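Colleague: Could you have a look at this structure, given as structure tokens, before my questions?
The values are calculated or read from the model by the stated rules, or taken from the named source; none is laboratory data. As the structure is a prediction and not an experimental result, all values here were calculated from the model. A quick note on method: Cβ atoms are made from the backbone with ideal geometry, for glycine too, and the neighbour counts reach across all protein chains shown.
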Amino acid sequence: MGRMTTPRPVECWLTDMDGVLVHEESAIPGASDFLRALVASGRRFLVLTNNSIYTPRDLRARLVASGIDVPESAIWTSALATAQFLDDQRPGGSAYVVGEAGLTTALHDIGYTMTERDPDYVVLGETRTYSFEAITKAIRLIEGGARFIATNPDVSGPSQQGTLPATGSVAALISTATGRQPYYIGKPNPLMMRSALNRLDAHSESTVMIGDRMDTDIISGLEAGLRTILVLTGSTRPDQVERFPYQATRVVDSIADVVPLVGRLQPVP
């Protein structure tokens, strides 16, 4: 039997945003206390989101309006992770983008050119105004040889009016038409976690990931080698937890239960 090792002290924290810190436009009780505890303890942290619509500045403003103050530099989106991936793969390339400011700004910032003429990539992100014309253009460019990238595989998202189709649903439409599957950058791809770790100059063995979804947050944290905490204030219900073939390091009711753990070197398994 292999020797059990003592977990390394926790130096960094990663946390999902929706379902962990906020629900729609309202802060989840304990979220502000958690962030204050991180700052007071000197722990490095990032707030992660698969939402590619908004820039970090936009998201910070939304969080402040909810009563949560997160520095712009501490917000890591699937759009930023996608831009970093493309910059690593093909610096100074070109892309046809179906998405909003969060994605186009991230790509501009790494020196990418937005074009409809023979782009290196078609990049699909979240948007509230999917255009049939834009989707048709994306299909034809992919058929013409452009590589297909999508920011995240989420098939739906919540709104005050009900369920909205998200990136994964539109990607499925394009894939059905072209026979080409996209490479997804955001969770559950552990690449999203590794890019966040690189941004913090952190090590997976000394970092904890907090999320509300077993099938995105927890699995990507686990596959990236992080300890994980599932909160039950979002997508995964308590009765669903045991159905998964993998488990979080710890399951708690809400982010308020994590606050006492921040000052400790080692969260209790």
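Colleague: Within the stretch 20-54, how many residues turn out to be closer than 26 Å to THR82 by Cα and of a type outside the set (A, V, I, L, M, F, W, C)?
Modeller: Going through the stretch 20-54 one residue at a time, the tally reaches 10.
Colleague: Here is a further query. Hey, can you tell me all the residues within the stretch 14-39 that are over 18 Å from GLY186 (Cα atoms) and touching a residue at least 60 places away in the same chain (Cβ under 8 Å)?
Modeller: Within the stretch 14-39, LEU21, HIS23, GLU24, ILE28, PRO29, GLY30, ALA31, ASP33, PHE34, ALA37, LEU38 qualify.
Colleague: Determine if the stretch 161-175 includes at least one residue that is surrounded by fewer than 19 Cβ atoms within 10 Å (Cβ to Cβ), without any contact (Cβ under 8 Å) to a residue 12 or more places away in the chain and closer than 22 Å to LEU48 by Cα.
Modeller: Yes.
Colleague: Looking at the stretch 101-113, is at least one residue surrounded by 15 or more Cβ atoms within 10 Å (Cβ to Cβ) and assigned to a loop (DSSP other than H, G, I, E, B)?
Modeller: yes
Colleague: Here is a further query. Among ALA256, ALA248, ALA196, which is modelled with pLDDT of 95 or more, in a loop (DSSP other than H, G, I, E, B) and either assigned by TED's automatic domain parsing to the domain that holds GLY145 or not acidic (Asp, Glu) (or both)?
Modeller: Every option except ALA248 fails the conditions.
Colleague: Residue by residue through the stretch 18-38, note down the ones that are modelled with pLDDT under 95 and assigned to a loop (DSSP other than H, G, I, E, B).
Modeller: The answer is GLY19, GLU24, GLU25.
Colleague: Of the conditions (1) free of Cβ contacts under 8 Å to residues at least 60 places away in the same chain; (2) assigned to a loop (DSSP other than H, G, I, E, B), SER220 satisfies every one except a single condition; which number is it?
Modeller: (2)
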